[in-house]
Structure formats: structure tokens, C-alpha cells
Amino acid sequence: MKLTILGNNGPFAKAGGACSSYLLQNAGKNAVIDMGPGSLAVLQKYIDIRDIDAIIFSHLHYDHMSDVFSLKYALGLLRAREGFDKKIRLFLPKTPENCSLEISNDDSFEVNYIFDGFKENIIGLNAVFFSMTHPVETYAVSFEECGKRFVYSGDTTLNDKISDIAKGAELYLVDGGLLKVHEGGPHMTVAQACKTASYAKKTVVTHLSPLYLENDIKRELTGNAVLAQI
């Protein structure tokens, strides 16, 4: 499997940047994980939107999903002008319901609502979802193939489950949205994110706030962690 970072910011994008979004590829298939603002333009540097096979939303905050609405416009035009009739597999939380309904009410999608413990084969990978701690319904997800795993934390505060989920992962993509000075908010600090990564083989810290200087973020990295880069 191959992971490409399309957006690494939150809760808003820096100049020329994009919010949380990731392209996961396996066996010639493409899954987009989260679609924060700015990510759709970056995605098209790597694949045509006709080649999206699945979209996964860790949660329904706008900095993780707002570009799906532009994608829906694009898919609608492709249906009308080209007869494009591919069904994209959509995986998302059921709440907040106003957001989930607005996203899923589209002929382009095959809708699947995720929950704690939900398991599905997505682009040839065994995916398992785990509920996390955030102001809205939120999930981490583990993808596995041939004993190798990629884990994405989604947005979360420090909790009892995330370290166990990340343990042994080949790659761990983790929310480090805060610096220690702002500990106690709705995200892990960079230091907390690194702590949960103690037993992951490679760790990438994402959801980087443009309000922080990159060098200040780097100073809180520990272990094998690096910052997500587009």
C-alpha cells in the first residue's frame, strides 16, 4: 500500500496549503481519507477524480470534509456530460446527521455508516474502525494487508485505546494539533501524539496548525516522529 499526504493542516490551511486529506493506494485502487479544504486540487496532481474508488471520513468537521461538496459538483457534471456512472464507496459516521445526509445524498455514492468495531475490506485492505474522543463522532482506522498495518488516528484527544491500536504499525499517522502550551483542547499535543507512537515503526504527525511556527512544532517531536509534508 502507498500513502500520499494531500493536506496536513487544521483547522484551516496555511497559504498554498490544504487541510487533512490522504490518498491511500493499493492493488491499483484509490481511497481518499478525509477531504479538507484545498485537498481536491492536490488530489488531482496524483489521480483523476474518475479513479476514486472509496472515500473515508474519520469525522464530519469541515476541515476534514468540506472539499467533498466540490467533488459532488464535479461528479454530477461527469454524470451529465459523460454518462459517468461509477459508484464510489463512501464510509462516514452517521452523526452529525445534517452533515452526513448532505454528503451521502448523492447518486455517486454507495453509502456505508461506520461505528466502533466496523470492519470492511476497502481497496483490498482489511479496515477496522475504532471510536475516538473528540467533540463529534470520530474514528481511528487501521488498514492491514499481509500482517502489515497503516493506522490513522483521525482527530482525537489522548485516550486509553489509541496507543494499543498504533502498536506495531508500519506507519502511524497521528493528530498532533496542539502544542503543550495549549494542552487540554480537542486534540492531542505533539508530545502526546509521539507518546502514543512508542511502538509504531514510523510515525507522521499531522493536523498541523498554521498558528504555530514549524520549528516550535518540531521541538516537541520525540522518538521516530516526523511532520507530515505535502
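The values are calculated or read from the model by the stated rules, or taken from the named source; none is laboratory data. It should be emphasised that the depicted structure is a prediction, and the values quoted were computed from it without experimental measurement. Don't worry about glycine lacking a Cβ; one is built from the backbone with ideal geometry, like all the others, and counts go over all protein chains shown. SASA here: full protein model, heavy atoms, side chains in, ligands and nucleic acids out. Shrake-Rupley method; radii C 1.70, N 1.55, O 1.52, S 1.80 Å.
Can you list the lysines whose alpha carbon is less than 19 Å from that of LYS72, not counting same-chain residues fewer than 8 positions off?
Candidates past the 8-residue exclusion: LYS45, LYS86, LYS87, LYS94.
When the accessible area of region 1-84 is split by element with a 1.4 Å probe, what percent falls to carbon and sulfur? All intermediate terms of the calculation are to be shown ahead of the outcome.
Values: 1760 of 3330 Å².
Carbon and sulfur atoms account for 53 percent of the accessible area of region 1-84.
How large is the dipole of region 90-230 about the Cα centre if only Lys and Arg carry +1 and Asp and Glu carry -1, each at its Cβ, rounded to the nearest 20 debye?
760 debye
For region 27-146, what is the convex hull (Cα atoms) projected area averaged across all directions, in square nanometres?
Across all orientations, region 27-146 yields a mean hull projection of 7.4 nm².
Take each of the peptides 165-178, 72-85, average the number of other beta-carbon atoms within 10 Å over its residues, and list them starting from the highest.
165-178, 72-85
What do the square roots of 5 times the Cα gyration tensor eigenvalues come to for the chain, in whole Å, largest first, as semi-axes of the equivalent ellipsoid?
28, 19, 16
By how many degrees, 0 to 90 and rounded to 10, does the Cα axis of helix 67-82 deviate from the longest principal axis of the chain?
20 degrees
Would you mind working out the accessible area per residue for the chain, using a 1.4 Å probe, and quoting it in Å²?
Here the per-residue accessible area is 44 Å².
Working with all protein chains in place, sort TYR22, TYR212, TYR113 by solvent-accessible area computed with a 1.4 Å probe, largest first.
Largest accessible area first, the list is TYR113, TYR212, TYR22.
Would you work out which of MET65, MET188, ALA225 lies farthest towards the positive end of the dipole of the chain, given +1 charges on the beta-carbon of Lys and Arg and -1 on that of Asp and Glu, about the Cα centre?
Going by the charge dipole, the pick is ALA225.
For region 78-190, what does the relative contact order come out to in percent, with C-alpha contacts under 8 Å and a separation of six or more?
Relative contact order comes out at 16 percent.
Can you list, bin by bin at 5 Å, the percent of alpha carbon pairs in region 123-230, starting at 0?
Percent of pairs per bin, in order: 2, 14, 25, 24, 18, 11, 3, 1, 0.
Determine the share of region 100-230's accessible area contributed by carbon and sulfur atoms, expressed in whole percent, with a 1.4 angstrom probe.
It is 51 percent, rounded to a whole number.
Report, largest value first, the span of the C-alpha coordinates of region 1-79 along each principal axis, in whole Å.
The principal-axis extents, from largest down, are 31, 30, 23 Å.
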